[in-house]
């Protein structure tokens, strides 16, 4: 029988689960020698990375698991995106994850690349027990202030869920809902469900601002998503404010007329 080439061995290993591929490559290395052993070593490193990632994710479920031990069933993590920008809405999300959820790479949205966020967005929505999205637009922010608008977006997200949470993990806010709430500083970095909420909120808001970039060209919304970058402020001074700018955030800027 013709021996498989290294390319064929590599291709077959890629089709297997990591642990099975590693065992198979170790067995082959006894016959094929160092070249296959090097491939096996790469799979060992992948297994170690996977093990460490599982440990990290397990640690991120500690708050949720503690709530379950106290008798709560549906633990929702809540987070928002867009408190600070000069334009566009604030978007909030609430996510309830299954007890044994494993979503590799799940983290605070600020620590995840845009391409990875998009993939996580789909996986979270697929695996979540339930999730909700809430949006408070720029006019509402100007009317009630960003703090109250953020609370409203969060409450809207929670109340839109098919399965309502009976325990909430939130960073620094207290919502006007009859649900047990736990304030966790930097919750999106410490709680898996809050991290999942941060991903849904961030991706949803980014996509809104990318559409606004087409509707209101010249401001660079697709790049900075409405945040007060030097380029954005220069565009405001050159073009004036557009309809989605938050007047309460931009009143001190030059060129404050409204763009047509």
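The values are calculated or read from the model by the stated rules, or taken from the named source; none is laboratory data. Just so you know, these numbers come straight off a predicted model, no measurement behind them. Reconstructed Cβ throughout: ideal geometry from the backbone, glycine too, with neighbour counts over all protein chains shown.
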For the condition modelled with pLDDT under 95 and farther than 25 Å from residue 69 by Cβ, what is the one hit in 99, 111, 116? 111
On the basis of being assigned by TED's automatic domain parsing to the domain that holds residue 195 and under 17 Å from the mean Cα position of the chain (by Cα), does residue 81 make the cut? yes
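Within the group 12, 70, 54, which residue is closer than 24 Å to residue 200 by Cβ and surrounded by fewer than 16 Cβ atoms within 10 Å (Cβ to Cβ)?
Values: 12 fails: closer than 24 Å to residue 200 by Cβ; 70 fails: closer than 24 Å to residue 200 by Cβ.
Residue meeting the stated conditions: 54.
Pick out, from the stretch 1-101, the helices (runs of 4 or more DSSP H) lying fully within it that include 2 or more residues that are over 22 Å from residue 158 (Cα atoms). Steps first, please.
Details: elements: 6-14, 18-32, 34-60, 62-69.
In the stretch 1-101, 6-14, 18-32, 34-60 are the helices (runs of 4 or more DSSP H) which contain 2 or more residues that are over 22 Å from residue 158 (Cα atoms).
Only one residue in 197, 153 is under 18 Å from the mean Cα position of the chain (by Cα) and over 21 Å from residue 248 (Cα atoms), so which one is that? Quick ask: steps written out before the conclusion?
On the way: 153 fails: over 21 Å from residue 248 (Cα atoms).
None of the others qualify; the one that does is 197.
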Of all helices (runs of 4 or more DSSP H) completely enclosed by the stretch 119-226, which ones contain at least 3 residues that are in contact (Cβ under 8 Å) with a residue 24 or more places away in the chain and closer than 17 Å to residue 73 by Cα? 192-215
Among the listed residues 91, 129, identify the single one that is surrounded by 20 or more Cβ atoms within 10 Å (Cβ to Cβ) and in contact with a strand residue (DSSP E or B) (Cβ under 8 Å, 6 or more places away or on another chain). 91
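State all residues of the stretch 227-242 that are in a helix (DSSP H, G or I) and surrounded by fewer than 18 Cβ atoms within 10 Å (Cβ to Cβ); if no residue qualifies, say none.
Of all residues in the stretch 227-242, those in a helix (DSSP H, G or I) come to 230-239.
Selection gives 230, 231, 233, 234, 237, 238, 239.
Can you go through 69, 64, 123 and tell me which one is in contact with a helix residue (DSSP H, G or I) (Cβ under 8 Å, 6 or more places away or on another chain) and within 16 Å of residue 193 (Cβ to Cβ)? Steps first, please.
Details: 69 fails: in contact with a helix residue (DSSP H, G or I) (Cβ under 8 Å, 6 or more places away or on another chain); 123 fails: in contact with a helix residue (DSSP H, G or I) (Cβ under 8 Å, 6 or more places away or on another chain).
None of the others qualify; the one that does is 64.
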Tell me which of these residue 251 doesn't satisfy, since it passes every other one: (1) over 25 Å from the mean Cα position of the chain (by Cα); (2) modelled with pLDDT of 95 or more. (2)
